[in-house]
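Chemist: One structure, pasted below without further comment.
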Amino acid sequence: MAPGLMPWSKAGIIIKQNLHQGSAYAAIMVTGRNGVRMQYNYTGDTAGLPGGVSAASPRWLRLTRSGDTITGYDSADGTHWAKVGAVRLGGLPATVPAGMFATSPNYFVTATSFGGASSQGGPSQATGVFDHVTVSGNPAGSTWSDTPVGGGGPLGQTGPAGPAGLRGASGPVGFTHADGTYTLTGSGDIAPEVPGPGSSLPTATIEQSLAGTFIGLIAIVVVAAMFVTAEYRRGLIRTTLAATPRRGQVLAAKALVAGGAAFVTGLVAATVAVGVGVPLETSKGQVVLPVPALTEIRVVVGTAALLAVAAVFAVALGAVLRRSAAAITLAVVTVVLPFLLTALHVFPPGVGAWLMRLTPAAGLAIEQSIPNYPQVTNVIEPARGAYPLPPFAGFAVLCAWAAAALALAFILLRRRDA
C-alpha cells in the first residue's frame, strides 16, 4: 500500500437504521480531497463548508435526529455552525445505532493503449482521529464498540469493510481510545455498486443486452441515407418533386417514414433483447444491477428513439450530399466512429470524452442505466456503458445535430435543381 489519501476517503459520524449492510443511513464526514460532505442512503451527497480538511485544518461535525429527520452540521471552530443538509429516513426505529466511522474505497490506475486498457489497484485504508466526542439526548449506552459492517456488499451498495474486506492488505483495522481521543481505521466504501473495475461483484447492466444496437445503428444510417440518395442516383427525384412541388414536405415525409420505421424496429428489437438478455446474464452468474421501472423503460424506448433520430440525421445528410457513398460515410463517421475510437482507446481519455460530448455519438448515452455518481471511484468509459454526459443531455446533442442537418437539407433542397 502506498501513502496518501484517496479523494473519497471518509471519516465522520453516522446514524444507521440498523447494523445490517445496506440499511438506510445518514452521515456527515470529512473526505480526502472533497471537503465536508453529508451523504445518505448511498446516492445522496451534499457539500459542506468550502475548503480542504487536514490535521492542520480540522472540522467539527454534528449530526442530530428529530423523529425521522437527520440533520448534519459542520463548523470550523465548534461555535459557529452551518447546516449542511437534512434528510428524512422513513421507518427509523426509536433506538438506532450511531457512531463514528472511517473507510476508504479501492484505488485504481488505468493504463490505456491502442485497442485496450488495463486497470490495476487494490484496497486502501483511511484513519480518522476524533476528539471532543459527545452524545446528547438519551443515549442507550455509554460504551463505544468496534463494529465492522460489510466487506463486499449485497446488491446495490457496499459498506465500510472490516478485516475481511481488505483482501490481503496489511495494516490495522478498528479503533483505539485514549484520553478522550478515538482513532478509527477502515477500508471499503459506503456507496452504490457500479459497473467497472471497482465493482466488488460480477456486475452487469440491462444495457449490456443491447450491445447489438451498435451494429443496428450502422444498418439504420445506411438504409436511411440511401432512402434519399437512391432517388438522386436513378433520377427519380425529379418525378417525386414534380408530383409534390413542396420540397419541404418531401423531405419531412422521408424523414418521418425513415425515423418511424427505425423507431418501431428498434423498439421491438430492444424489448426482446432486454427480455432475453437479462435472464441470460443472471444465469451466467452475473449480478444485473437493479434499476427503477422508469429507467428500464427509458433505456428500451431511448434505444428506439436513438435509432429513429440517427435515421433522420442520415436522411438529411443524403439530401445534402446526394451521393450514397458520401452520405453513408459521413453518417458512420459522425454517429458510430467516435464511440469506436473511444472504446478502442485510440485517443487519450480526455479527447475521447469530448468526442462523446460533441458528436452525434453522444446520443448513445440514452442507454446508460446506472448514473455516474461523483462520490464513487469508477472509470467513466463508454465501452462499460458509462458516458460523460447524462442520458437526456447526450440524446439532446444527437437531436441538435439531426435538426441542424434537416435545416441545411431543407435550404439546399429548395435552392438547388433536382
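Just so it is clear, none of the values below were taken in a lab; they were calculated from the coordinates. Computed from a predicted structure; not experimentally measured. In this analysis, Cβ positions are derived from the backbone assuming ideal geometry, glycine residues included, and neighbour counts consider all displayed protein chains.
Chemist: Using Cα-Cα distances under 8 Å and only pairs 6 or more residues apart, what relative contact order does segment 264-409 have, in percent?
Modeler: The normalised contact order for segment 264-409 reaches 27 percent.
Chemist: A further question on this structure: What does the charge count around VAL320 come to, taking other residues whose C-beta lies under 12 Å from its C-beta (Lys +1, Arg +1, Asp -1, Glu -1)?
Modeler: Cβ neighbours under 12 Å give a net charge of +4.
Chemist: Using a 10 Å cut-off on Cβ atoms, rank the peptides 334-340, 7-13 from the highest mean neighbour count down.
Modeler: In descending order of packing, they fall as 7-13, 334-340.
Chemist: ³J(HN,Hα) across segment 284-299 via Karplus (A = 6.51, B = -1.76, C = 1.60, θ = phi - 60°), whole Hz, x for Gly/Pro?
Modeler: Taking θ as phi minus 60°, the curve returns 8, x, 7, 9, 7, 4, x, 9, x, 4, 5, 5, 4, 5, 4, 5 Hz for segment 284-299.
Chemist: Which angle between 0 and 90 degrees, to the nearest 10, do you get for helix 213-234 versus the longest principal axis of the chain when only C-alpha atoms count?
Modeler: Tilt relative to the chain: about 20 degrees.
Chemist: Sticking with this one: Can you tell me the FRET efficiency between HIS132 and ILE380 if r is taken as the Cβ-Cβ distance and R0 is 45 Å, rounded to the nearest 0.05?
Modeler: 0.70
Chemist: Here is a follow-up. As I understand it, the value is the acute angle between the Cα axis of helix 324-335 and the longest principal axis of the Cα atoms of the chain; what does it come to in degrees, rounded to 10?
Modeler: 10 degrees
Chemist: Grab the Cα-Cα distance for SER66 and ALA2, subtract it from 0.36 nm times how many residues apart they are, and report the gain in nm with one decimal.
Modeler: In short, 18.9 nm is gained.
Chemist: Roughly speaking, what is the stretch gain from ALA293 to ALA400, that is 0.36 nm per residue apart minus the C-alpha to C-alpha distance, in nm to one decimal?
Modeler: Extending this stretch completely gives an extra 35.7 nm.
Chemist: Would you be so kind as to identify which of ALA273, GLY302, GLN286 lies farthest towards the positive end of the dipole of segment 252-373, taking Lys and Arg as +1 and Asp and Glu as -1 on Cβ and the Cα centre as origin?
Modeler: GLY302
Chemist: Now for a separate question. Counting other Cβ atoms within 10 Å, which trypsin sites (Lys or Arg not before Pro) in segment 245-330 have at most 11 and lie in a DSSP loop?
Modeler: Those satisfying the criteria are ARG246, LYS284.
Chemist: Could the peptides 289-296, 307-314 be put in order, highest first, of the mean number of other beta-carbon atoms found within 10 Å of their residues?
Modeler: Packing proxy ranking, top to bottom: 307-314, 289-296.
Chemist: Which values, in whole Å and largest first, are the semi-axes of the equivalent ellipsoid of the chain obtained as the square root of 5 times each eigenvalue of the Cα gyration tensor?
Modeler: After scaling each eigenvalue by five and taking roots: 53, 21, 19 Å.
Chemist: In a Debye calculation with equal point scatterers on the alpha-carbon sites of segment 302-418 and no solvent, what is log10 I(q)/I(0) at q = 0.17, 0.18 Å⁻¹?
Modeler: -0.81, -0.88
Chemist: Which net charge results for the neighbourhood of GLY275, defined as the other residues with beta-carbon distances under 15 angstrom from its beta-carbon, given Lys and Arg at +1 and Asp and Glu at -1?
Modeler: -3
Chemist: Using +1 at the Cβ of each Lys and Arg and -1 at the Cβ of each Asp and Glu in segment 313-418, identify which of ASN372, ALA403, PRO388 lies farthest towards the dipole's positive end.
Modeler: Most positive-ward Cα: ALA403.
Chemist: Given a Förster distance of 60 Å, report the FRET efficiency between THR147 and ILE218 from their Cβ-Cβ distance, rounded to the nearest 0.05.
Modeler: 0.65
Chemist: Can you give the relative contact order of the chain as a percent, counting alpha carbon pairs under 8 Å and 6+ residues apart?
Modeler: Relative CO of the chain lands at 14 percent.
Chemist: Once the other residues with Cβ under 15 Å from the Cβ of THR95 are scored (Lys, Arg +1; Asp, Glu -1), what is the net sum?
Modeler: Spelling it out: positives minus negatives among the neighbours equals +1.
Chemist: Continuing with this model, one more query. Among ALA204, LEU241, VAL264, whose Cα projects farthest towards the positive end of the dipole of segment 204-280, with charges put on the beta-carbon of Lys, Arg (+1) and Asp, Glu (-1)?
Modeler: LEU241
Chemist: A follow-up question, please. Relative contact order, percent, of segment 1-116 when contacts are C-alpha pairs under 8 Å separated by at least 6 residues?
Modeler: Relative contact order, segment 1-116: 27 percent.
Chemist: Where nothing but the Cβ of Lys and Arg (+1) and of Asp and Glu (-1) is charged, how large is the charge dipole of the chain around its Cα centre, in debye to the nearest 20?
Modeler: So the dipole magnitude of the chain works out to roughly 1860 debye.
Chemist: Which aspartates and glutamates, if any, have their Cα less than 16 Å from the Cα of LYS83, not counting same-chain residues under 8 positions apart?
Modeler: Partners found: ASP45, ASP74.
Chemist: Can you tell me which of GLY48, GLY235, GLY128 moves the most in a GNM of the chain? Springs connect C-alpha atoms under 10 Å apart.
Modeler: GLY235
Chemist: As a test, work out the antiparallel percent of DSSP beta bridges whose residues both lie in the chain, rounded to the nearest 5.
Modeler: 95 percent
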